[in-house]
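Each remark here refers to the structure printed beneath this line.
FYI, it's all coordinate maths here, none of it is from the lab. Remember, predicted model here, so these are calculated numbers, not experimental data. Because the Cβ atoms are built from the backbone with ideal geometry, glycine has one as well, and the counts that use them run over all protein chains shown.
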Amino acid sequence: MKTYRSLTQEEIQQLKEKSCTAVNWADIEVVENFKTDYIYHTRFSGKVRLGVFEDEFTLAGGMCKHSGLYHATLHNVTVGDNCCIENIKNYIANYIIGDHTFIENVDIILVDGRSRFGNGVEVAVLNETGGREVPIHDRLSAHQAYILALYRHRPELICRMKAIIDRYAEENASDTGTIGHHVTIVDAGYIKNVRIGDYCKIEGAGRLKNGSLNSNEQAPVHIGYGVVCDDFIISSGSSVEDGTMLTRCFISQACHLGHNYSASDSLFFSNCQEENGEACAIFAGPFTVTH
């Protein structure tokens, strides 16, 4: 557990000399070994906590960038150790950012109000007009989704299952989002109410809204250029790339969607591969392939 302290007057003066501003300098807390050496042109508001900036990132092509804050606006943000946050066009608001995370050339990242991060979103699978909705959540399995969609002749069972999912979604709701350790977010557009797991890589995504990227070190999630996702959950080891568009979708482990694929109200379970097409209200079991 990290301990934080207030900025000293000397540190405040150093930050001011580097074109940094704050609504209230007393609202900024830092770790004990904090130094101002790598913070420039940054605006702070709300409660902000900062770690140390000691390490470098080695980028593709051998380019090195030192961790730090450069040309950014932070509102109610906790920044972990050795992060690099640079060129934020608008702002980052209401997030806890893990250690060794790299965020560059992003429009906006925010949590607005209390969010469930995609948990509890109802997907009108198998019948786009409704009647077989499956509420998605982080732990959804093909077996559970099958029962929710096809056992409508067991209304009490369905009601109790939905109540369990709703309780899980509410337990995981928060007005503060998380961006994990060793995450990379570059050249992205609009990111709102999205929970981002460790080692996730987001490159050039257009819009990510109300969802979870359940990435981890062993099975990272990759979101590529031009991707647009609304009301979604993407599980570990999956990649969504090349202009794919998802609305009210669940993507299970180790799936690959790309080449301008488009899907709405659909479920894709483990090891599916979907490219060059569109889907509406489909239930794609494990190892489903469409081209």
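Sorted fewest first by neighbouring Cβ atoms within 10 angstrom, S270, S212 come out as S270, S212.
Relative to the dominant Cα principal axis of the chain, helix 155-171 is inclined by about 10°. Full extension of the chain between R114 and A219 gives 35.0 nm of extra length, using 0.36 nm per residue less the Cα-Cα distance. Projecting the Cα atoms of N24, T3, Q13 onto the charge dipole of region 1-110, computed from C-beta unit charges around the Cα centre, puts N24 farthest toward the positive end. For region 150-165 and region 1-59, write down the distance between their C-alpha centroids in whole Å. Here the answer is 50 Å between Cα centres. With 0.36 nm allotted per residue and the present C-alpha distance subtracted, the D107-R5 stretch has 33.7 nm of extension available.
For the pair R160 and K47, what calculated FRET efficiency results from E = 1/(1 + (r/R0)^6), where r is the Cβ-Cβ distance and R0 = 41 Å, to the nearest 0.05? The pair K47/R160 has a calculated efficiency of 0.55. Separation of the alpha carbons by more than 20 angstrom is noted, of K162/K201; K16/K192; K89/K209; K2/K65; K2/K192; K47/K209, for K162/K201; K16/K192; K2/K65; K2/K192; K47/K209. Place a label point 7 angstrom from the Cα of N260 along the Cα-to-Cβ direction, then list the residues of region 211-233 whose backbone nitrogen is under 18 Å away. Output list for this probe position: 224-229.
Of the residues T178, A163, C200, the one whose Cα sits farthest toward the positive end of the charge dipole of region 158-218, with +1 on the Cβ of Lys and Arg and -1 on the Cβ of Asp and Glu, is A163.
Between L150, L267, L140, the GNM of the chain built on Cα springs shorter than 10 angstrom shows L150 fluctuating the most. Label sites at T58 and K209, each approximated as a point 7 angstrom past Cα along Cα to Cβ, lie 4.0 nm apart. Farthest towards the positive end of the charge dipole of the chain, among the residues F250, L148, V48, is the Cα of L148, using unit charges on the Cβ of Lys, Arg, Asp and Glu. Counting every other Cβ atom within 10 Å of each residue's Cβ, T244, T178, T36 order from fewest to most as T178, T36, T244. Residue ranges 40-46, 234-240 sort as 234-240, 40-46 when ordered by packing (mean number of other C-beta atoms within 10 Å per residue, highest first).
Placing +1 on the Cβ of every Lys and Arg and -1 on the Cβ of every Asp and Glu, with no other charges, gives region 111-291 a dipole of roughly 520 debye about its Cα centre. Footprinting exposure proxy ranking of E104, E203, E156, fewest other C-beta atoms within 10 angstrom first, gives E156, E203, E104.
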